[in-house]
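Below is one structure, written out as structure tokens; the observations come after it.
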Amino acid sequence: MKRFLLIIGSVIALSAVAYWSLYVMGHIEGVELSGHGVAAMVVGLGFTILIGFGLMALIFFSNKHGHDEAVHNLYMSTHSSNDDNENS
């Protein structure tokens, strides 16, 4: 239930910000945006937000399943042996 309320609150907040931004853009003197421009802006912003969510999900997924640790350990093992050879 707590997660559901968080999602609903986020959707309401995002909707309010979208409404406010369209309201402000509509009341700026000398700047007009056609319906195609509004559609392009909405699609572009939606795509940008979707990519951001996707990349953050991949970061959390990678961290949760230990993929980062495996790469870090491999990096450290290869570079620590190179450091030992250079110091000899």
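Using the Kirkwood formula over every pair of different C-alpha atoms, what hydrodynamic radius in Å results for the chain? Intermediate values should be presented prior to the final figure.
Working: mean 1/r = 0.0563 Å⁻¹.
For the chain, the Kirkwood estimate is 17.8 Å.
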At least 15 Å along the helix axis (C-alpha) and Kyte average at least -1.0, DSSP helices within the chain | 2-26, 35-64
Find, among the GluC sites (Glu not before Pro) in the chain, those assigned to loop by DSSP (not H, G, I, E, B) with at most 11 other beta-carbon atoms within 10 angstrom.
-> Glu29, Glu32
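Readers should treat all values here as calculations from the given coordinates under stated rules, not as data from a laboratory. Source: prediction; values computed, not measured. In this analysis, Cβ positions are derived from the backbone assuming ideal geometry, glycine residues included, and neighbour counts consider all displayed protein chains.
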